[in-house]
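The values are calculated or read from the model by the stated rules, or taken from the named source; none is laboratory data. Quick caveat: nothing in here was measured; it's all calculated off a predicted structure. For neighbour counting, all protein chains shown are included, and Cβ atoms are generated from backbone atoms with ideal geometry for every residue, glycine included.
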Amino acid sequence: MITITLKDGSTKALEGAMSAYALAESISGGLARAALAVKIDGAVCDLDTNIDKDCAVEFLTFDSDEGKKVYRHTTSHILAQAVKRLYPKTKLAIGPAIDNGFYYDFDSDVSFTPEVLEKLEAEMKKIIKENIPLKRYVLPRDEAVKMMADKGEDYKVELINDLPEGEEVSFYEQGDFTDLCAGAHLPSTGKIKAVKLTSCTGAYWRGDASKKMLQRVYGTSFPKQAELDEHLAAIEEAKKRDHNKLGRELEIFTTVDFIGQGLPIMLPKGTKILQTLQRWVEDYEEANGWERTKTPLMAKSDLYKISGHWDHYKDGMFVMGDEEDGKECFALRPMTCPFQYQAYLNRARSYRDLPMRLGETSTLFRNEDSGEMHGLIRVRQFTISEGHLMCTPEQLEDEFKRCLEMTNYMMETLGLKEDLSYRFSQWDPEDSEKYIGTKEQWEEAQGVMKKILDGIGIEYKIGVGEAAFYGPKLDIQIKNVHGKEDTLVTIQIDQMLAQKFGMEYVDRDGTKKNPYIIHRTSIGCYERTLALLIEKYAGAFPAWLAPTQVKVLPISDNQLDYAKGVVAKLRAAGCRVELDDRNEKIGYKIREAQLEKVPYMLVVGDKEVEAGAVAVRSRKNGDMGAMPADEFVSKLVLEIANKER
């Protein structure tokens, strides 16, 4: 007898071995129809996998992330088969499933234009209709290399040769097409119901700019056409909200090729938004006990050698000078921590000085790969709300909670909190050379953080290998409109660097101890946050953030003097206001203000002049009618003060 433990904890006894698909059928016909693959003792396998021993079994459907991955990975193989049918000389690279779809990289003399993508999509639908079975088989390494070499698949040969010794080399065959792949896959091509190729871009082989540029075809697939249509509509909406597009159209930022990739120019409107955010963050931090520092943008290599950045982060830094030439070597700072520690080290400290909270609006520099650059999301120079908090072990939990509460308040105020997720980023003991400290120190630090996170009660995922080189961290994650996830805010626990820098305090018992350090941001990288706000609000910022909060629109020159008086009142109240005194029709002025997504338009005609009023048009509420100018100013000032959304 074989005992199967199902996902819900129930068990099923089998009299003998059977395939995973047969097991699904024995449970219910509906499950067998919906199942795409199976997890056996945690490993994702094909449905024709034989079950011949006691194990835990979970059937994967499209409702699960792993099921979607199998579904779309199979679709990428269908794309590759279509390419080889239509363009046989094309060489295949890799074709994984990704969030919301898949891609496949090709080396082809044929340019995959939109017209070619249409042909490929039509051929994919033929392959799907043929309902071709997918069969897995394995080969010894030398036979696998020979088979791929005979087919002229140079990239596959390289991949096989890079596999660890002893690792199984597996292939999937679907009709006249065979691809190198670990799997798992659907039973047949006919399981795919709706497919769309969405774009083609360039991609270096293995992401290395020194290697050949390939063509990367993106696509997606769903079990129902209606789901695909809904997804494509969401993509179109995402394109409209893309901060790269909107940010330029609304004159928030621009980029210049001869300045450099990842070095955006903030235009006056973007600068005003960043200034508003920065003043708010700095005032709030100071009100919550954070003292401000201002430290250099660069330092000698000596500083980074103490902190460990020189050994663990040098490739991500901009370095000037060459130590081998006997010259002083400097580097632009990738983070502020080694600098802020010097404020702590300025004099001797006791437990009475702790917690010490040091905050800084820091300009940082990171030598990101060119392929990673994306608008304001990932740049080479950026500004961050960075802070470092030195405390005793007894203060650590409360101070960590306060840091998280501050971030949650700011994200809630900005309207981003509902889009956040949390990741507990840990070290990878299998790759310990990436980190400083001992196994015991890491286990202690991660144990402390786990206790804090579990005590707070937030849901989090674990990211092994995502820790900083000096300590575990809570990464607060967010996705942009295209579904790409990035880290917005981090809060880190560090017990390593205080010892490296000789940071001590005299405790109550007179002994010297190293403080715990919390590295944190409150709003994260300002540029990245701005990008996400552009996308969140489609450029229509809440009034408190809008670069221009009000436009005053006189109907003719007869009202110009009165309009200037309204502008003066608004400016005196601290509002950001513009006067449109052009000799244009009022309808034209209104439409332009709407396109600029200004929160309020005040139309001024003879009636308004006579009544001391303004005709208010709200971007959100439409025509609000006439009201006294002073009343409008008071309402707007209150709305801005409350940071209404």
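Here are the numbers:
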{"quantity": "Lone unmet requirement of (1) assigned to a helix (DSSP H, G or I); (2) touching a Lys or Arg at 6+ places or on another chain (Cβ under 7 Å); (3) closer than 28 Å to residue 350 by Cβ for residue 411", "calculated": "(3)"}
{"quantity": "Sole residue being of a type outside the set (A, V, I, L, M) and touching an Asp or Glu at 6+ places or on another chain (Cβ under 8 Å), chosen from 383, 407, 413", "calculated": "383"}
{"quantity": "Neighbours by Cβ (under 8 Å, 6+ apart or cross-chain): first from region 21-35, assigned by TED's automatic domain parsing to the domain that holds residue 47 and touching a residue at least 40 places away in the same chain (Cβ under 8 Å); second part of a helix (DSSP H, G or I) and surrounded by 14 or more Cβ atoms within 10 Å (Cβ to Cβ)", "calculated": "21/32"}
{"quantity": "Residue that is in a helix (DSSP H, G or I) and in the same structural domain as residue 522 (by TED's automatic domain parsing), where the choices are 364, 404", "calculated": "404"}
{"quantity": "Among residues of region 282-314, those that are assigned to a helix (DSSP H, G or I), free of Cβ contacts under 8 Å to residues at least 60 places away in the same chain, within 21 Å of residue 497 (Cβ to Cβ) and of a type in the set (A, V, I, L, M, F, W, C), counted", "calculated": "2"}
{"quantity": "Some residue of region 454-474 being out of contact with any strand residue (DSSP E or B) (no Cβ under 9 Å at 6 or more places or on another chain), in contact (Cβ under 8 Å) with a residue 40 or more places away in the chain and assigned to a loop (DSSP other than H, G, I, E, B)", "calculated": "yes"}
{"quantity": "Pairs where the first residue, in region 487-516, is free of Cβ contacts under 8 Å to residues at least 12 places away in the same chain and the second is in a strand (DSSP E or B), C-beta under 8 Å, 6+ apart", "calculated": "512/505; 512/506"}
{"quantity": "In region 60-117, the residues that are touching a Cys at 6+ places or on another chain (Cβ under 9 Å) and aliphatic (A, V, I, L, M)", "calculated": "116, 117"}
{"quantity": "Residue in region 440-449 that is over 20 Å from residue 519 (Cα atoms), more than 25 Å from the chain's Cα centre (by Cα) and either at pLDDT 90 or above or not basic (Lys, Arg) (or both) present", "calculated": "yes"}
{"quantity": "Scan of region 414-433 for residues that are surrounded by 14 or more Cβ atoms within 10 Å (Cβ to Cβ), out of contact with any helix residue (DSSP H, G or I) (no Cβ under 7 Å at 6 or more places or on another chain) and assigned to a helix (DSSP H, G or I), ordered by number", "calculated": "419"}
{"quantity": "Restricting region 347-389 to residues that are closer than 20 Å to residue 304 by Cβ and of a type in the set (A, V, I, L, M), the residue that is surrounded by the fewest Cβ atoms within 10 Å (Cβ to Cβ)", "calculated": "364"}
{"quantity": "Region 162-208 - residue that is closer than 17 Å to residue 122 by Cα and among the β-branched types (Val, Ile, Thr) and, of those, surrounded by the most Cβ atoms within 10 Å (Cβ to Cβ)", "calculated": "189"}
{"quantity": "Residue ID - surrounded by the fewest Cβ atoms within 10 Å (Cβ to Cβ), chosen from residues in region 222-249 that are more than 23 Å from the chain's Cα centre (by Cα) and not charged (D, E, K, R)", "calculated": "226"}
{"quantity": "Subset of region 246-274 [among the basic types (Lys, Arg) and more than 21 Å from residue 414 (Cα to Cα)]", "calculated": "248"}
{"quantity": "In region 508-547, the residues that are buried (at least 19 other Cβ atoms within 10 Å of the Cβ) and of a type in the set (S, T, N, Q)", "calculated": "521, 522, 529"}
{"quantity": "Residue among 14, 86, 60 that alone is more than 30 Å from residue 218 (Cβ to Cβ) and either among the β-branched types (Val, Ile, Thr) or free of Cβ contacts under 8 Å to residues at least 60 places away in the same chain (or both)", "calculated": "14"}
{"quantity": "Criterion (touching a helix residue (DSSP H, G or I) at 6+ places or on another chain (Cβ under 9 Å) and on the phi > 0 side of the Ramachandran plot) met by exactly one of 565, 574, 605, 622", "calculated": "574"}
{"quantity": "Condition met for residue 274 (assigned by TED's automatic domain parsing to the domain that holds residue 522, under 21 Å from the mean Cα position of the chain (by Cα), on the phi < 0 side of the Ramachandran plot and not aromatic (Phe, Trp, Tyr))", "calculated": "yes"}
{"quantity": "Helices (runs of 4 or more DSSP H) lying entirely in region 1-104 (those with 3 or more residues that are more than 30 Å from residue 118 (Cβ to Cβ) and of a type in the set (A, V, I, L, M, F, W, C))", "calculated": "20-27, 29-34"}
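For (1) of a type in the set (A, V, I, L, M, F, W, C); (2) farther than 17 Å from residue 185 by Cβ; (3) modelled with pLDDT of 95 or more, each residue gets a yes or a no:
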residue	(1), (2), (3)
66	no, no, yes
72	no, no, yes
94	yes, no, yes
105	no, yes, yes
